[in-house]
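Accompanying notes for the structure given below.
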Amino acid sequence: MIEKDFIPSAYELKITEGKVSYKSPSNIALVKYWGKKENQLPQNPSISFTLDACATTTQVFYNKLPKPSDDFSFELWFEGKTKDDFKPKIKTFLSRIESYLPFLKEYHFKIETSNSFPHSSGIASSASGMSALALCLVAIERQLNPDISDSFFLKKASFLSRLGSGSACRSIEGDIVQWGNHKNTKGSTDLYGIKYPYEVHDNFKNYYDTILLVDKGQKQVSSTVGHNLMHDHPFAVQRFSQAHDNLDKLITIFKNGDLKEFIKIVESEALTLHAMMMTSMPYFILMKPNTLEIINKIWEFREVSKTNVCFTLDAGANVHVLYPENEKDVVFQFIKDELIAYCENQQYICDRIGFGAKKL
Ligand code: PMV
């Protein structure tokens, strides 16, 4: 598919008002997306586990305007209160997707949204938030054109989510989603995320992710600024090619269930992401002392317990602790006994691999 396949022809139905609602999860990248081209197209392919508990629920009420407005007409409610400071971001998103949803200026929208995880937890809500909104808007389009197939619906929701926040395009489906052209993954594309198309060993079913909230503050570097720092980055070419190689390796690992090799890729990807930030100009250190304490504890415990617990990181100080289902009791006990002490106010979120967004 190409971009213009997402531009619809005129809608046949006329609808004056309605309501749609979706719950969409966050996701955690195993091979990281860091660096983008024009139009939120990724510099390298990435792959993620879709999460389950960390999610955004969004309801959109729409009402036909007497005549199309010059600007987008919408109000935004977050957890029961109007939230004007989110409006510029939503407006940018709507203008980026307008050509793909030409009805946007014909309606007034009331967008009501809430997160399952605490606000200001340092957990990026853009993946779940943007995907939930994109799903609602495509669902409205489907009311105007009921011929839209399920498969096109999912592709378009992912395509539009990407224009809100790149990683959001990996939140529509589960349980493993790949985004970005990769020559050895059939159907992969820069335009939207696809469900991982090959065999996955039982070791990777029901994976657990306990998110340790090390620093709940605002992000020091916005992802837009961070991605842009890859433009003149001295290691960019090697990094992008490494992501392709790691995806090749993951095809074999997912098939044969080799957890030791899985850990090597996942931890190396997390540290590489941070290495890119530390070696850009300007440079950043987003890990905190407690991030390193946790990583060292995980390494020690893995050695002693012979379990397969490992970590990954987002563009921040929080640590995602990943482990297979059959080790959940022993690893969770270790987390409670030894890691929670390093979290801000002892806060953490218990999550696990999930199966994508749901219509409510
Ligand atoms: O979706 P964005 O633009 O906020 O970028 C997210 C990038 C990382 O979370 C650091 C990595 C990833 O692939 O999710």
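The values are calculated or read from the model by the stated rules, or taken from the named source; none is laboratory data. What you see is a predicted model, and the numbers here were worked out from it, not measured in a lab. We place every Cβ from the backbone using ideal geometry, glycine too, and count neighbours over all the protein chains shown.
Residues that are in contact with a Phe, Trp or Tyr (Cβ under 8 Å, 6 or more places away or on another chain) and within 16 Å of the ligand (Cβ to nearest atom) do occur in segment 216-223. Cβ-Cβ contacts under 8 Å between residues 6 or more apart (or on different chains), taken from a first residue in segment 333-360 that is farther than 30 Å from Tyr22 by Cα to a second residue that is of a type in the set (S, T, N, Q), are listed as Phe334/Ser305; Ile335/Thr210; Ile340/Gln346; Tyr342/Asn290; Cys343/Asn290.
Please specify each residue of segment 47-75 satisfying the condition of being within 30 Å of Ile251 (Cβ to Cβ) and free of Cβ contacts under 8 Å to residues at least 12 places away in the same chain.
Hits for segment 47-75: nothing passes.
Just for segment 50-64: of the residues that are among the β-branched types (Val, Ile, Thr) and surrounded by fewer than 24 Cβ atoms within 10 Å (Cβ to Cβ), which one is farthest from Ser126 (Cα to Cα)? That would be Val60.
Condition (residue is modelled with pLDDT under 95, surrounded by fewer than 23 Cβ atoms within 10 Å (Cβ to Cβ) and over 16 Å from the mean Cα position of the chain (by Cα)) applied to segment 197-209: is it met by at least one residue? Within segment 197-209 (the criterion being modelled with pLDDT under 95, surrounded by fewer than 23 Cβ atoms within 10 Å (Cβ to Cβ) and over 16 Å from the mean Cα position of the chain (by Cα)), the answer is yes, since at least one residue qualifies.
Can you report the number of residues in segment 145-163 which are surrounded by fewer than 19 Cβ atoms within 10 Å (Cβ to Cβ) and in contact (Cβ under 8 Å) with a residue 60 or more places away in the chain?
Looking only at segment 145-163, we keep the residues that are surrounded by fewer than 19 Cβ atoms within 10 Å (Cβ to Cβ), and these are 145-153.
Checking the rest, the ones that are also in contact (Cβ under 8 Å) with a residue 60 or more places away in the chain come to 145-146.
Qualifying residue count, segment 145-163: 2.
The residues on offer are Lys264, Lys297, Lys216, and the sole one that is among the basic types (Lys, Arg), in contact (Cβ under 8 Å) with a residue 24 or more places away in the chain and either in the same structural domain as Ile123 (by TED's automatic domain parsing) or in a helix (DSSP H, G or I) (or both) is Lys297. The sole residue among Thr312, Thr307 that is touching a residue at least 12 places away in the same chain (Cβ under 8 Å), of a type in the set (S, T, N, Q) and within 16 Å of the ligand (Cβ to nearest atom) is Thr312. Taking the criterion of being at pLDDT 95 or above and surrounded by fewer than 19 Cβ atoms within 10 Å (Cβ to Cβ), would at least one residue in segment 136-143 satisfy it? The answer is yes, given that some residue of segment 136-143 is at pLDDT 95 or above and surrounded by fewer than 19 Cβ atoms within 10 Å (Cβ to Cβ). Among the residues of segment 49-56, is any of a type in the set (Ser, Thr, Tyr), out of contact with any Pro (no Cβ under 7 Å at 6 or more places or on another chain) and within 21 Å of Pro102 (Cβ to Cβ)? Scanning segment 49-56, I find no residue that is of a type in the set (Ser, Thr, Tyr), out of contact with any Pro (no Cβ under 7 Å at 6 or more places or on another chain) and within 21 Å of Pro102 (Cβ to Cβ), so the answer is no.
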